[in-house]
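Below: the structure, in structure tokens.
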Amino acid sequence: MNSETKICQNCKKDFTIEPDDFSFYEKMKVPVPTWCPDCRMVRRLIWRNERNLFRRKDALTGEDSFSGFPAEANLQTYENSYWYGDKWNSLDYGMDYDFSKPFFKQFYDLLSRVPLMAKSSASFMINSDYCNEAGRLRNAYLCFDSDFVENSAYLVKATNMNDSFDSHEVIEGELCYEDVMVYKSYRTFYSLDCESCVDVWFSKGLRGCTNCFGCVNLRGKSYYFFNEQLPKEEYEKRLSELNLGSYESISKIRIKVLEFWQKFPVKYYHGIRNISFTGDRISDCKNVRDSFSIQEGENMRYIEISVLKAANSYDCVQLFMGVENAYECTTVGEGAYNLRYCFNSWGGSRDLEYCGYCIGVVDCFGCVGLKKKQYCVFNKQYTKEEYFDLVEKIKKHMNDMPYVDHIGRSYVYGEFFPSEFSPLAYNESLAQDYVPINREQAKEKGFVWREPNAREFQTTIKGVDLPDLINDVPESITKEIIACETCKRAYRIVPIELQFYKRIGLPLPHKCHNCRFLDRYEFINKPKLYHRSCMKEGCENEFETSYSPDSSEIVYCEKCYQQEVY
Ligand SMILES: [Zn+2]
Ligand SMILES: [Zn+2]
Ligand SMILES: [Zn+2]
């Protein structure tokens, strides 16, 4: 089969469907997409919120609780422990399929009535209430999109992390702080793109290094200080002179380090051990294309975020813990198999289409909030024969009577859910992190936008007035409400955090956790690829890179980059 060029139903730009893509669609028995890959990605991202916690009324108790859904969202929520329990039955909300209305409108009605879990998390959470899009956390605070995390706070995209704070995209680490893309490391601080490091500070692009400070692109080195080898005693002397427990010293070092890093070339993508791939932040992958933040993936395309193994999937946001044959899904995992057009479903769910919040569910279509069920449509139980017969009729009906939105986009069988049916506004969802836009642009593109509710807390101290030295910080600091130096919003220092700063000897942050996140997020390239050439003089290699042509980095091909590491 040849490539085919189509016009995106949404942005009206051309996009190409390649022979491999056709084979995937055939194997999954789905129609070819009518939206381009970028528009499809945004449409899925609008269904996922990681970092925003809202206050909303619990549908059972009527009391205020924290949720990943805003109070304005047209839906019901139960506290997670009650939701996962057997005191309520989501089949009570079942309804007959109505062949006089479009499928998507009926699904939206069901979604607004069946209670959802207040926070999108797996059931194994201990003392980790203020976390969202997470599973298997213990004593975690404000951790998002994370699994297997203990005694940690302010982590985003963390897997298997202990006693770590304020980091982004970190895997298998302990006692880490202010890291971005740091893997299998211990006591690694303020570092970027490092693997298998111990006692490393302010470093970038290091592999297998110990006791390094302010270094770039080193392999298996110890006692290096700004890429200069020092005797052990001299290295330790320099570190003690830096006064790392002072906020002022750390701030000055940060500026100096960023300038130093800029002098060295970067590899055109982040990641290692890949065979045949395009994208960024990709490791241990084979035949993975146009994908971002992927660990251990095989035969996939157009995926954003996948951890702990996934294969044979296209067009998904967030796959976790063993997923196969998924297409057009958001947040599916734990052995999910053959899921199409689903969101927030896990626990061994298989063979689902157009389902949300289904746990351990098999052979269901258009269902919401089911646990361990089979052969249901719109939360109504059928026999096996009735089920397959009805599903075929519904798919035909979806094509005969499509849902048409207010700007004329048509949704037949094969489209993911319309963004206007998401409980989240554009700026409350992951779309705003990945493809940031402003209020006017959102309006122009027909997206919902909601100004955040100003939750005013009386602050008791300003960030700038915090003690400079960690040794001068009293235990009572955990009682203060601090005003962020940048956005002026309130934040706290929680007890496990204070213990950590004292243990390592790190100063208190002057910014709130959100501003700290945004600072780290500057290091993450947006999910877009540019065709560029290697910047090493004389090299003619070309590649797909997420470093945009106007980024300040010196971008090298793999071969030239390897000549720069030592
Ligand atoms: Zn498009
Ligand atoms: Zn702030
Ligand atoms: Zn080159």
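The values are calculated or read from the model by the stated rules, or taken from the named source; none is laboratory data. If you're wondering where the values come from, they're calculated on a predicted model, not measured in any experiment. Ideal geometry is used to build each Cβ from the backbone, glycine not excepted, and the neighbour counts take in all protein chains shown. Please note that ligands, DNA and RNA were not included when accessible areas were found on the heavy atoms of the full protein model with its side chains. Shrake-Rupley method; radii C 1.70, N 1.55, O 1.52, S 1.80 Å.
Look at region 542-566: where a residue is in the same structural domain as Lys204 (by TED's automatic domain parsing) and away from ligand 2 (no atom under 16 Å from the Cβ), no partner that is open to solvent by 70 Å² or more (accessible area, probe 1.4 Å) and modelled with pLDDT of 95 or more sits 6+ places away or on another chain with Cβ atoms under 8 Å. Scoring His531 on the criteria (1) away from ligand 3 (no atom under 16 Å from the Cβ); (2) free of Cβ contacts under 8 Å to residues at least 40 places away in the same chain; (3) not acidic (Asp, Glu) leaves a single failure, condition (1). When Ala311 is tested against (1) surrounded by fewer than 24 Cβ atoms within 10 Å (Cβ to Cβ); (2) in contact with a strand residue (DSSP E or B) (Cβ under 7 Å, 6 or more places away or on another chain); (3) of a type in the set (Gly, Ala, Ser); (4) farther than 30 Å from Asp280 by Cβ, exactly one condition is not met: (4). Taking the criterion of being open to solvent by less than 80 Å² (accessible area, probe 1.4 Å), more than 16 Å from ligand 2 (Cβ to nearest atom), more than 30 Å from Asn514 (Cβ to Cβ) and part of a loop (DSSP other than H, G, I, E, B), would at least one residue in region 12-28 satisfy it? So far as region 12-28 goes, yes, one or more of its residues are open to solvent by less than 80 Å² (accessible area, probe 1.4 Å), more than 16 Å from ligand 2 (Cβ to nearest atom), more than 30 Å from Asn514 (Cβ to Cβ) and part of a loop (DSSP other than H, G, I, E, B). If you scan region 143-152, which residues turn out to be closer than 15 Å to Pro495 by Cα and crowded, with 22+ Cβ neighbours inside 10 Å? Within region 143-152, Ser152 is the sole residue that qualifies. Can you tell me how many residues in region 477-504 are more than 10 Å from ligand 2 (Cβ to nearest atom), out of contact with any strand residue (DSSP E or B) (no Cβ under 8 Å at 6 or more places or on another chain) and open to solvent by 60 Å² or more (accessible area, probe 1.4 Å)? Residues meeting the conditions: 5.
Somewhere in region 29-43, is a residue within 16 Å of ligand 1 (Cβ to nearest atom) and surrounded by fewer than 17 Cβ atoms within 10 Å (Cβ to Cβ)? Yes, because at least one residue in region 29-43 is within 16 Å of ligand 1 (Cβ to nearest atom) and surrounded by fewer than 17 Cβ atoms within 10 Å (Cβ to Cβ). Can you name the residue in region 526-549 that is open to solvent by less than 30 Å² (accessible area, probe 1.4 Å) and under 28 Å from Arg254 (Cβ atoms) and, of all such residues, is nearest to ligand 1 (Cβ to nearest atom)? The selected residue is Pro527.
Only residues that are part of a loop (DSSP other than H, G, I, E, B) and surrounded by 16 or more Cβ atoms within 10 Å (Cβ to Cβ) were counted in region 447-476, giving 7. Where residues in region 514-525 are open to solvent by 60 Å² or more (accessible area, probe 1.4 Å) and in a loop (DSSP other than H, G, I, E, B), which of them is nearest to ligand 2 (Cβ to nearest atom)? Here the residue is Glu522. Screening Phe292 on (1) in contact with a Phe, Trp or Tyr (Cβ under 8 Å, 6 or more places away or on another chain); (2) assigned to a strand (DSSP E or B) shows it passes everything except condition (1).
Could you tell me whether any residue of region 202-224 is open to solvent by 10 Å² or more (accessible area, probe 1.4 Å), closer than 28 Å to Val473 by Cα and touching a helix residue (DSSP H, G or I) at 6+ places or on another chain (Cβ under 7 Å)? Within region 202-224, one or more residues are open to solvent by 10 Å² or more (accessible area, probe 1.4 Å), closer than 28 Å to Val473 by Cα and touching a helix residue (DSSP H, G or I) at 6+ places or on another chain (Cβ under 7 Å).
As a summary of the residue check, Phe124 satisfies the conditions (1) open to solvent by 10 Å² or more (accessible area, probe 1.4 Å); (2) in contact (Cβ under 8 Å) with a residue 24 or more places away in the chain except for the one numbered (2). Taking the condition at pLDDT 95 or above, under 20 Å from Leu175 (Cβ atoms) and not basic (Lys, Arg), does Pro507 pass? For Pro507, the condition - at pLDDT 95 or above, under 20 Å from Leu175 (Cβ atoms) and not basic (Lys, Arg) - is met. When Arg48 is evaluated against the numbered criteria (1) open to solvent by 40 Å² or more (accessible area, probe 1.4 Å); (2) in contact (Cβ under 8 Å) with a residue 60 or more places away in the chain; (3) outside any helix (DSSP H, G or I), which criterion, by number, is the only one it fails? If we test Arg48 against (1) open to solvent by 40 Å² or more (accessible area, probe 1.4 Å); (2) in contact (Cβ under 8 Å) with a residue 60 or more places away in the chain; (3) outside any helix (DSSP H, G or I), just (1) comes out false.
Would you be able to say whether some residue in region 300-308 is among the hydroxyl-bearing types (Ser, Thr, Tyr), crowded, with 24+ Cβ neighbours inside 10 Å and assigned to a strand (DSSP E or B)? For region 300-308, residues among the hydroxyl-bearing types (Ser, Thr, Tyr), crowded, with 24+ Cβ neighbours inside 10 Å and assigned to a strand (DSSP E or B): present.
If you check Ser81, Ser65 for being part of a helix (DSSP H, G or I) and of a type in the set (Ser, Thr, Tyr), only one passes: Ser81.
Residues in region 399-420 that are part of a helix (DSSP H, G or I), in contact (Cβ under 8 Å) with a residue 12 or more places away in the chain and either surrounded by fewer than 20 Cβ atoms within 10 Å (Cβ to Cβ) or of a type in the set (Phe, Trp, Tyr) (or both): Asn399, Glu420. Check Asp64 against each of (1) touching a residue at least 12 places away in the same chain (Cβ under 8 Å); (2) open to solvent by 10 Å² or more (accessible area, probe 1.4 Å); (3) not polar (S, T, N, Q) and name the one condition it does not meet. Asp64 satisfies all of (1) touching a residue at least 12 places away in the same chain (Cβ under 8 Å); (2) open to solvent by 10 Å² or more (accessible area, probe 1.4 Å); (3) not polar (S, T, N, Q) except (1). When residues in region 550-566 are screened for being surrounded by fewer than 18 Cβ atoms within 10 Å (Cβ to Cβ) and within 16 Å of ligand 3 (Cβ to nearest atom), 8 of them pass.
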